[in-house]
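Encoded as structure tokens, the structure appears first; notes follow it.
Each value in this text was obtained by applying a stated rule to the coordinates, not by laboratory testing. Everything numeric here is computed off the predicted structure, so don't read it as measured data. Glycine also receives a Cβ, built like all others from the backbone with ideal geometry; neighbour counts cover every protein chain displayed.
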Amino acid sequence: MQLNLTANSKRVKTLDLSQPVVMGILNVTPDSFSDGGQYHALEAAFKQAEKMVADGAKIIDIGGESTRPGASVVSLEEELARVIPIIKRIALQLDVVISIDTSKAQVMREAVAAGAHIINDVRALQEEGALQAAAELAVPVCIMHMQGQPINMQDSPSYHDVTTEVLVFLQQRIDDCVNAGIRREHIILDPGFGFGKTLEQNYQLLADTAVFHQFGLPVLIGVSRKSMIGNLLQCDESQRLAGSLACASAAATDGAQILRVHDVRETADVLAVVAQLAKHRNSKRGS
């Protein structure tokens, strides 16, 4: 599977998804749940991007507004001030796919103009103008399921059948995207771990990763350092590496194409092992 990427007429990339790839998280925010404040300054953010590329990241996902549980809204002006300078610098100096993590139509437009290749929207292009902007920009989009909003999503998430309800939502948003003019092959799906889900619901979704392939679209899994790991293992963000890698291994084994993570090198190592095991399993089946 390949994802054709277009950011401006002068920058065309193709992302090979025949094997799972790592999306490195770069939060240029003061308040993200795990790394808030570490990469708020431009130089620190660029050095982290360089490190992630060297460690094996194929995508850098840049976010200027925290979407952790209870997070407050950031103004358009502030979000643009945070993300546009680092997008421009990465686009100029690094050979990597750039993703903009935003729900605001104007941020999408300015980020793509600055060099971003992918729009990653936790609100699935449901904010005012977002669907139209994404269609006009003609770049790939990642649509995610979320119950509620970041300010209240973890208050009391409730489902009859979490996997079925997420599938129904994603099907509806796929239809809405295609009807708005977005190419179907430009859509990436994210079940939305931690976004309006309990611990048990998160692990049910992870166990059901394979069912999300029924759409024939790339699947992004983002569980790195999240509370579904911390609450299970009773540890803070600094102690969640092993749990994050276990989740990444499970997701990759079940065919997830993109792993959105903080710990790039370690996850890239996990994916190399998973790929080697898959090669030998497939070889044995074919003999």
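Helices of the chain meeting both criteria, an alpha-carbon length of 15 angstrom or more along the long axis and an average Kyte-Doolittle score not below 0.0, with helices taken as full DSSP H segments, are 76-93, 162-180, 241-253. Database remark: amide H of N27 closer than 5 angstrom to the amide H of G63 (H placed geometrically; neighbours at sequence offset of 5 or more, or on other chains; Pro and chain starts carry no H).
So, in nm, how far is label K51 from label A278 when the simple model puts each one 7 Å beyond its Cα toward the Cβ? Going from the K51 label point to the A278 one covers 2.8 nm.
Using r as the Cβ-Cβ distance of E43 and D269, and R0 as 22 Å, what FRET efficiency do you calculate, to the nearest 0.05? Calculated value: 0.20. Note on the chain: helix-only mean residue ellipticity at 222 nm, from DSSP H runs of 4+ residues weighted -39500 (n - 2.57) and normalised by residue number, equals -13500 deg cm²/dmol. For a paramagnetic label modelled on Q239 (point 7 Å from Cα along Cα→Cβ), amide N atoms under 17 Å away belong, within the range 195-227, to 225-227. Couplings for the range 23-29, taken from phi via the Karplus curve 6.51 cos²θ - 1.76 cosθ + 1.60 with θ = phi - 60°, read 9, x, 8, 10, 8, 9, 10 Hz in order; Gly and Pro are left as x.
Between A210 and Q106, residue separation times 0.36 nm minus the direct Cα-Cα distance comes to 34.0 nm. If both residues of a DSSP beta bridge must be in the chain, then about 20% of such bridges are antiparallel. Between E78 and H160, what is the spin-label point distance in nm, taking each point 7 Å from the Cα along the Cα→C-beta axis? Calculated label separation equals 4.0 nm.
Distances between placed amide hydrogens fall under 5 Å for R225 paired with S244, all partners being 5 or more residues away or on another chain. Near the amide H of N120, within less than 5 Å, lie the amide hydrogens of I100, D101, T102, C142, all on another chain or at least 5 residues away, with H placed in the peptide plane.
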